[in-house]
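Beneath this line is the structure, given in structure tokens, with notes to follow.
Rule-based calculations on the coordinates, nothing more; no lab input. Predicted, not measured: the structure shown is a model, and the values here were computed from it. Reconstructed Cβ throughout: ideal geometry from the backbone, glycine too, with neighbour counts over all protein chains shown.
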Amino acid sequence: MVSALDLVRREPDNTGGTPVDALAAALWSALSFQSPLLQEPIELLRQEVLVAARERTMLLAERSRKRVPVPEIGPLTLPEAQPTGSRANTVYRKATEPLVKALRENAELDREELEFLWWTVEDWSDALDGRLSDADPLVRAVVAGIDGASKLRRLPASGHRNVVLRGVPAGSSAALTALLAALGDHRSALAKSINAEWVGQTPTVFPLLAAIASGDADRSGADIERAAREWGARALLEGGILQVKMLRGG
């Protein structure tokens, strides 16, 4: 735990794609679901790791969405040793590579914004086969978190959380078993959108998604009652971690 704390406290870069970044997101999800530990020194350490992991993940979620400046095409210098056609192709690719990379990354962020915005305006969930705004607060929060995460290409930032939880009232607390019961038949529809194999391999990181996928609520922290907004934020976080994992091929 001390080693993990040292790692996640280090200054991250702006990509959000390193193993330490993945560790931080996983620790935030896992530790925030657990029940407090009885041993005070260990519990204090757990809280320190949790705070550091959350702060790093939220920082990266913001930084990774900054648009990349689009550079000019580099100089085209043809080496004499290579055939003309091969030389031209190689030099052209090398000169335009930074430009293409920047355009591709910016386009990916633009696409994410548009898809998330359209999902917000549409106010519709296939899992519910109806409007999100018409659903029970607990159901709406969880379904919105999972649906919203599926539109992202980076880990969710605070702005995404605010949109997902917009309209979800405070209160409506429930433990995990009661939440699954509240989802009712919608659970099986949600389960189809979840990679059950991946969440089943690391249920401590995906306690909510693993429970939805399997119907099994037997896990540490399941007996803690959480408000609908907290369940929605968790659904978004777990869904975002899973989405990034799937986009990057594990």
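Working note: 222 nm ellipticity from helices only, DSSP H runs with n ≥ 4, each -39,500 (n - 2.57), summed and divided by the residues of the chain, gives -20000 deg cm²/dmol to the nearest 500. Overall, the chain carries a charge dipole of about 680 debye about its Cα centre when +1 sits on the Cβ of Lys and Arg and -1 on the Cβ of Asp and Glu, all other atoms neutral. The packing ranking of peptides 142-150, 210-218, 226-234, 110-118, highest mean first, is 142-150, 226-234, 210-218, 110-118, where packing means the average number of other beta carbon atoms within 10 angstrom of each residue. Reported to the nearest whole Å, the Cα centre-to-centre distance from region 118-166 to region 182-240 is 15.
Would region 123-250 count as rounded, prolate or oblate if I go by the C-alpha gyration tensor, calling it rounded below 1.5 in a/c and otherwise prolate when a/b exceeds b/c, oblate otherwise? Judged from the Cα gyration tensor, region 123-250 comes out rounded (a/c under 1.5). With a cut-off of 14 Å between beta carbons, the residues surrounding residue 37 carry a summed charge of -2, where Lys and Arg count +1 and Asp and Glu -1. Under a model in which nothing but the beta-carbon of Lys, Arg (+1) and Asp, Glu (-1) is charged, region 126-250 shows a dipole of about 640 debye around its Cα centre. A cut-off of 5 Å between modelled amide H atoms, ignoring neighbours fewer than 5 places along the same chain, links residue 226 with 174, 175. When you restrict to C-alpha pairs under 8 Å that are six or more residues apart and normalise by the size of the chain, the relative contact order lands at 23 percent. When peptides 94-104, 173-183 are sorted by average Cβ neighbour count within 10 Å, with the highest value leading, the order is 173-183, 94-104. Applying 0.36 nm per residue to the separation of residue 34 and residue 11 and subtracting their alpha-carbon distance, the gain on full extension is 5.7 nm. In region 123-250, taking the dipole from charged Cβ atoms about the Cα centre, the farthest positive-side position among 177, 132, 165 is held by 165. Is region 1-64 rounded, prolate or oblate when judged by the Cα gyration tensor, a ≥ b ≥ c being the square roots of its eigenvalues, rounded requiring a/c under 1.5 and prolate requiring a/b larger than b/c? Note, shape of region 1-64 comes out prolate.
Stretching the chain fully between residue 129 and residue 48 yields a gain of 25.0 nm (0.36 nm per residue, less the alpha carbon separation).
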